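Visitor: Take this structure first; my questions come after.
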Amino acid sequence: MKNENLGLATLAKPYLIMGALLAGLAVVFGAFGAHGLKSVLTAQQLNTFEIGVRYQMYHALALLLLPALSAFVSSSWANRAALCFVIGTVLFSGSLYALAISGIKWFGPVTPFGGMFFIIGWVLLVVGLIKGHKGTKQQHKGQNNVNHKPGADNV
């Protein structure tokens, strides 16, 4: 049965795939940072790298969990938030990885743009949750208008 038949929102499949890829890469990058870069980077550079890994994993998990909110938020709001999470991850975590590994300081100013996309994504999700899912509201109205007749059929 499709989610549309249940009145539930759906997240575009590419965002789910991207969430799974980003989560897997966060594990790979975390292991690489902990083992492969440990002797190469300074403690500060390693900390910067680890922050990138952490926020990548947070937002990868958020992408994967968005469908769980489908009864409460419409597809359009969930997909807008997902896009912001992906862009934010590329800009925020990507710039931190580049800054930590290369030491090139001009990657630093890119990081706040990624953080801005993270914040916008969370705000969009909150707005979507406040507005709710139209299918859910219609289902509740329909349940309230059900005529119950006396008899065994209502058990």
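The values are calculated or read from the model by the stated rules, or taken from the named source; none is laboratory data. Nothing here was measured: the structure is a model prediction, and the numbers come from that model. Note that we place each Cβ from the backbone using ideal geometry, even for glycine, and neighbour counts take in every protein chain shown. The protein model used for the area step is the full one, side chains on, heavy atoms only, and it has no ligands, DNA or RNA in it. Shrake-Rupley method; radii C 1.70, N 1.55, O 1.52, S 1.80 Å.
Visitor: Among the residues of the range 53-76, are any among the β-branched types (Val, Ile, Thr), touching a Phe, Trp or Tyr at 6+ places or on another chain (Cβ under 9 Å) and touching a residue at least 12 places away in the same chain (Cβ under 8 Å)?
Guide: Yes: the range 53-76 contains one or more residues that are among the β-branched types (Val, Ile, Thr), touching a Phe, Trp or Tyr at 6+ places or on another chain (Cβ under 9 Å) and touching a residue at least 12 places away in the same chain (Cβ under 8 Å).
Visitor: If the requirement is being open to solvent by less than 80 Å² (accessible area, probe 1.4 Å) and modelled with pLDDT of 95 or more, which of these qualifies: Phe92, Phe113?
Guide: Phe92
Visitor: Residue check: is Ala71 in a loop (DSSP other than H, G, I, E, B) and not polar (S, T, N, Q)?
Guide: yes
Visitor: May I pose another question? Looking for whichever is modelled with pLDDT of 95 or more, in contact with a helix residue (DSSP H, G or I) (Cβ under 7 Å, 6 or more places away or on another chain) and either buried (at least 21 other Cβ atoms within 10 Å of the Cβ) or not in a loop (DSSP other than H, G, I, E, B) (or both) here; the options are Ala31, Ala98. Which one fits?
Guide: After applying the criteria, what remains is Ala98.
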